[in-house]
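The values are calculated or read from the model by the stated rules, or taken from the named source; none is laboratory data. Source: prediction; values computed, not measured. Quick reminder, even Gly has a Cβ in these numbers, built from the backbone with ideal geometry, and neighbours come from all protein chains shown. Keep in mind that these areas ignore ligands, DNA and RNA; they rest on the heavy atoms of the full protein, side chains included. Shrake-Rupley method; radii C 1.70, N 1.55, O 1.52, S 1.80 Å.
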Amino acid sequence: MRPRVVVTRRLPEEVEARLAQRFDAVLSPDDRPLAPEDLVEAIRTADALLPTVTDRLTADVLGAAPRRARILANFGVGLDHVDLAAAAANGLVVTNTPGVLTDDTADLALTLLLMVARRAGEGERHLRAGEWTGWRPTQLLGTRVTGLTLGIVGMGRIGRAVAARARGGFGMRILYCSPRALAPEEEARLGAERRGLEALLAESDAVSLHCPGGPATRHLIDAPALARMRPGAFLVNTARGQVVDEGALVDALARGAIAGAGLDVYEDEPAVHPGLLARQDVVLLPHLGSATTAARRAMGDLAVDNLEAFFAGEPPPDLVAGP
């Protein structure tokens, strides 16, 4: 009998076809986030769950008994939506899909910085509203991105990819904040200088967030942190929404404490703070960080690779946690 795998959201057609060929795959035609009771049912009736960031896999969900599932093959890198301690305590293996979304998320971070600095979102809204009357010398003057000092919070794969683009393409000075220093040769390659968070915020013209989510980084960027930033600085977040205190960000923007923000993730997705929606100096995207055909196919293939290895009795290649 083939292992039964519950897939919580629609995946690229090629990935779904591979799952259906290899497993008894329960796909998601409605493409909606599963309620806690649906996740519990999946844990009880399937051999594996292929979840995404929209699934809240809490201790209550993972501890549901009787439990049949033995592996959570997460579609994505971040796992702050999974209680890893509860997964391990309940004998569940957890895998993720690292590496394949690095370039696309880094590209999007630079897209957000360019859009907010050059007021591109504001300009498009102005044109689409039929308000543009033609070129003039003082219209929507923005900030030159070339040569800025970019502070990167979290220097993992994506943070380093952003640094390489910013340094090589725009001649930016790179500062970074990370629990561990890069190797000296990597710092030299990226032209990166390590700072504590407070110093990084104070010195940077733009701050791009690439740290993991979870309790340790919740509201890392709060009112005091925003107060340390320069009045002309920009904040970019493609990490996790909970890293930024959105209420504090709205207040900082209203007071002119910073110049603007580019956001791809939000505290209470899919809800967005109404104060952000009302502002012209904020670029808002609907969690598009890895949203390219290539990345999403590769993420799906990694998730299936992990499932195939596990059910063949082999170590999953992207093991994160286990009993």
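Side notes on the structure shown:
- Checked against the criterion of being on the phi < 0 side of the Ramachandran plot, in contact with a strand residue (DSSP E or B) (Cβ under 7 Å, 6 or more places away or on another chain) and open to solvent by 30 Å² or more (accessible area, probe 1.4 Å), the candidates 109, 88, 69, 46 yield just one match: 88.
Residue-wise test of (1) among the hydroxyl-bearing types (Ser, Thr, Tyr); (2) more than 22 Å from the chain's Cα centre (by Cα); (3) surrounded by fewer than 17 Cβ atoms within 10 Å (Cβ to Cβ); (4) within 21 Å of residue 103 (Cα to Cα).
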residue	(1), (2), (3), (4)
139	no, yes, yes, no
147	no, yes, yes, no
159	no, no, no, yes
168	no, yes, yes, yes
174	no, no, no, yes
184	no, yes, yes, no
187	no, yes, no, yes
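- Among the residues of the stretch 147-163, those that are in a strand (DSSP E or B) and closer than 20 Å to residue 220 by Cα comprise 150, 151, 152, 153.
- Taking each residue of the stretch 116-128 that is at positive phi and looking for partners that are modelled with pLDDT of 95 or more and open to solvent by 50 Å² or more (accessible area, probe 1.4 Å) with beta-carbon atoms closer than 6 Å, six or more apart or interchain, yields 119/140.
- When restricted to residues that are at positive phi and touching a residue at least 60 places away in the same chain (Cβ under 8 Å), the stretch 204-252 contains 1.
- Residue check, residue 22 in contact with an Asp or Glu (Cβ under 7 Å, 6 or more places away or on another chain) and of a type in the set (Lys, Arg): yes
- Qualifying strands (runs of 3 or more DSSP E) (wholly inside the stretch 232-323; at least 1 residues being at pLDDT 95 or above, of a type in the set (Val, Ile, Thr) and open to solvent by 60 Å² or more (accessible area, probe 1.4 Å)): 319-321
- Any hit, the stretch 17-27, residues being of a type in the set (Asp, Glu), in a loop (DSSP other than H, G, I, E, B) and open to solvent by 40 Å² or more (accessible area, probe 1.4 Å): no
- Number of residues in the stretch 2-16 that are of a type outside the set (A, V, I, L, M, F, W, C) and either open to solvent by 60 Å² or more (accessible area, probe 1.4 Å) or assigned to a strand (DSSP E or B) (or both): the value is 5.
- The residues listed here are 39, 11, 19; of these, the one that is within 20 Å of the chain's Cα centre (by Cα) and modelled with pLDDT of 95 or more is 11.
- Among the criteria (1) within 22 Å of residue 218 (Cα to Cα); (2) not in a loop (DSSP other than H, G, I, E, B), the one residue 179 does not fulfil is (2).
- Annotation: of all residues in the stretch 196-217 being within 22 Å of residue 102 (Cα to Cα) and in a loop (DSSP other than H, G, I, E, B), the one that is most open to solvent (accessible area, probe 1.4 Å) is 212.
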